[in-house]
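Trainee: Quick one: this structure, given as structure tokens, is what I'll be asking you about.
The values are calculated or read from the model by the stated rules, or taken from the named source; none is laboratory data. Since this is a predicted model, take the numbers as computed values, not measurements. Neighbour counts run over all protein chains shown; Cβ positions are idealised from the backbone, glycine included. Just so you know, the surface numbers come from the protein's heavy atoms only, side chains and all, with ligands and any DNA or RNA stripped out. Shrake-Rupley method; radii C 1.70, N 1.55, O 1.52, S 1.80 Å.
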Amino acid sequence: MQSGFDIAIVGGGASGTLAAIQCLRRAASPLRIVLFEPGGRPGRGVAYSTERPEHLLNVPSGRMSAFADRPDDFLDWLAARPGHAGSGREALARGYAPRRDYAAYLADRLEAARAASVATLEVVPQRIATLQRRHDTWRLEWPGGQAEATRVLLAAGNAPRPLPVRGSGSLARPRLVDAWDYAGVATIDAAADVCIVGTGLSMADAVVTLAANGHRGQVHLLSRHGLLPLSHACTHEVHAFEVDALHPLGTRERLRALRRQMRAAAAHGLPWQAVMERVRPHGQALWRSLPAAEQRRFLRHAARHWDIHRHRVAPAVHAVLQDLREAGRLHLHRARLDMALAGERCVQLTARTRNGGLLALDVDHVINATGLEMRVQAMRNPLLDQLLGDGHACAGAHGIGLATDREGRMLDATGDAQDDLRVIGSLRVGEAWESIAIPELRVQAEAIARDWLGDDPAAPPV
């Protein structure tokens, strides 16, 4: 491989791949771009690495274009795929494609951008261990190699939270399975009793896989809030109201205002989701308009409620959860896991309920679905630890993510923004809050490429 690059992208999941596509599109000269992706397959990452057909997108296919200026691009790609020739375009747009299809789409669009660009792209299957500034360049190192780059984009992606319980160190596969270990979840015996810790989107992935495999054991869901993901509505109508009126309000007042709007929407025959459709594009502005104290209040008291309304699941996924609950095989417990003890036959779990009671469960397997780790110091990422230790980075607001400005420039330990070191995706959560979904990622990718390479795409559309 070459040793010197104009742009290095660290991480080849969805955000890194979107950024690579935009840089290739906007290159007006033979730039050298490198994408470091340990798995060697760009576009997958945690979210899209699943091969399971029951793992669906959480956004309708008609809204999943990789390009803000070409909103139907994914729909066009999907309609041309084998098996969709007889599908109506409107039905495809309203539907929820398997996530593995979206991984294939990103890979296709990356190859098309590479073929059309005057720039070159090299994909290196390595995990960067250190990143050091060397005068006007950055030196990237990994076991057995190193390279230099003029600009670096950090797209490190999502990190799972460890199981937050005493005794978890005694658990190992197959007793303890991570929800993102899609193959591991799929190997759980159909008769096994299972406890899933966490009730977010990764829990839903685990449950639909168990159901697809004919699971007939008992499934216990355990979380502090006891809140399950909510479903998209069958239609995607928008309830019109003035979102800017929310900006002067605090967290409590905003929630009350949103509830009033949901009642107003219902009076006009619209589902509550129509209010969230109106709010969705304004998530970052709403977060940034909160004072720091109100942001902390939101994180303590409202974040989970926001998440289940904002990040909804496909109706088909929601139906699986509801059917299993009605059948008496899916049990929701509002409790905090306290201890896990691995025995010869089962795992014994104890949890504290909200009223101080004790909940005891004996299960065959525990699935860790506690979600994303947002505290950067707890991510156990050697590269991030090195950047923090050397002063090239610092933790973001409230200790979550990395500190950046609105353009994704990394702030160093003195608070200075570094134009040649940018961040995309979930590591910007402290500054932007909404920074993990494709509609936000594609905007970030385009903005960074535009700042670095100019306003107009140089390559023909892909």
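Residues are listed down the side, and each one gets a yes or a no for (1) buried (at least 17 other Cβ atoms within 10 Å of the Cβ); (2) within 30 Å of Trp77 (Cβ to Cβ); (3) touching a His at 6+ places or on another chain (Cβ under 9 Å):
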site	(1), (2), (3)
Glu111	no, yes, no
Ala119	yes, yes, no
Glu122	no, yes, no
Pro125	no, yes, no
Thr130	no, no, no
Arg134	no, no, no
Thr137	yes, no, no
Ala149	yes, no, no
Leu153	yes, yes, no
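Trainee: Where the second residue is of a type in the set (S, T, N, Q) and open to solvent by less than 40 Å² (accessible area, probe 1.4 Å) and the first is over 13 Å from Gly16 (Cα atoms) and lies in the stretch 35-54, which pairs have Cβ atoms under 7 Å and are six or more apart or on separate chains?
Mentor: Arg52/Thr209; Glu54/Thr209
Trainee: Please state which one of Met262, Met203 is in contact with a Phe, Trp or Tyr (Cβ under 8 Å, 6 or more places away or on another chain) and closer than 30 Å to Ala285 by Cα.
Mentor: Step by step, each of Met262, Met203 is checked, and only Met262 is in contact with a Phe, Trp or Tyr (Cβ under 8 Å, 6 or more places away or on another chain) and closer than 30 Å to Ala285 by Cα.
Trainee: Among the residues of the stretch 138-152, write down those that are part of a strand (DSSP E or B) and not aromatic (Phe, Trp, Tyr).
Mentor: Result: Arg139, Leu140, Glu141, Gly145, Gln146, Ala147, Glu148, Ala149, Thr150, Arg151, Val152.
Trainee: In addition: Output the residues belonging to the stretch 4-49 that are in a loop (DSSP other than H, G, I, E, B), among the hydroxyl-bearing types (Ser, Thr, Tyr) and surrounded by 22 or more Cβ atoms within 10 Å (Cβ to Cβ).
Mentor: The one that is in a loop (DSSP other than H, G, I, E, B), among the hydroxyl-bearing types (Ser, Thr, Tyr) and surrounded by 22 or more Cβ atoms within 10 Å (Cβ to Cβ): Tyr48.
Trainee: Name, by its number, the condition in (1) touching a helix residue (DSSP H, G or I) at 6+ places or on another chain (Cβ under 7 Å); (2) under 30 Å from Leu131 (Cα atoms) that does not hold for Gln386.
Mentor: Of (1) touching a helix residue (DSSP H, G or I) at 6+ places or on another chain (Cβ under 7 Å); (2) under 30 Å from Leu131 (Cα atoms), only one is false for Gln386: (1).
Trainee: Continuing with this model, one more query. Can you find a residue that is in contact with a Pro (Cβ under 8 Å, 6 or more places away or on another chain) and more than 30 Å from Arg94 (Cβ to Cβ) anywhere in the stretch 297-320?
Mentor: Taking every residue of the stretch 297-320 in turn, none turns out to be in contact with a Pro (Cβ under 8 Å, 6 or more places away or on another chain) and more than 30 Å from Arg94 (Cβ to Cβ).
Trainee: Hey, can you tell me all the residues within the stretch 248-277 that are free of Cβ contacts under 8 Å to residues at least 24 places away in the same chain and among the small types (Gly, Ala, Ser)?
Mentor: The answer is Ala257, Ala266, Ala267, Gly269.
Trainee: In addition: Can you name the condition, by its number, that Leu387 falls short on among (1) buried (at least 20 other Cβ atoms within 10 Å of the Cβ); (2) over 21 Å from Gly425 (Cβ atoms)?
Mentor: Of the numbered conditions (1) buried (at least 20 other Cβ atoms within 10 Å of the Cβ); (2) over 21 Å from Gly425 (Cβ atoms), the odd one out for Leu387 is (2).
Trainee: Scan (1) out of contact with any strand residue (DSSP E or B) (no Cβ under 9 Å at 6 or more places or on another chain); (2) closer than 27 Å to Gln418 by Cα; (3) open to solvent by 40 Å² or more (accessible area, probe 1.4 Å); (4) among the hydrophobic types (A, V, I, L, M, F, W, C) for the single condition Ala66 breaks and write down its number.
Mentor: (3)
Trainee: Which residue out of Asp419, Asp412 is acidic (Asp, Glu), open to solvent by 10 Å² or more (accessible area, probe 1.4 Å), in contact with a Gly (Cβ under 8 Å, 6 or more places away or on another chain) and farther than 18 Å from Leu290 by Cβ?
Mentor: Every option except Asp412 fails the conditions.
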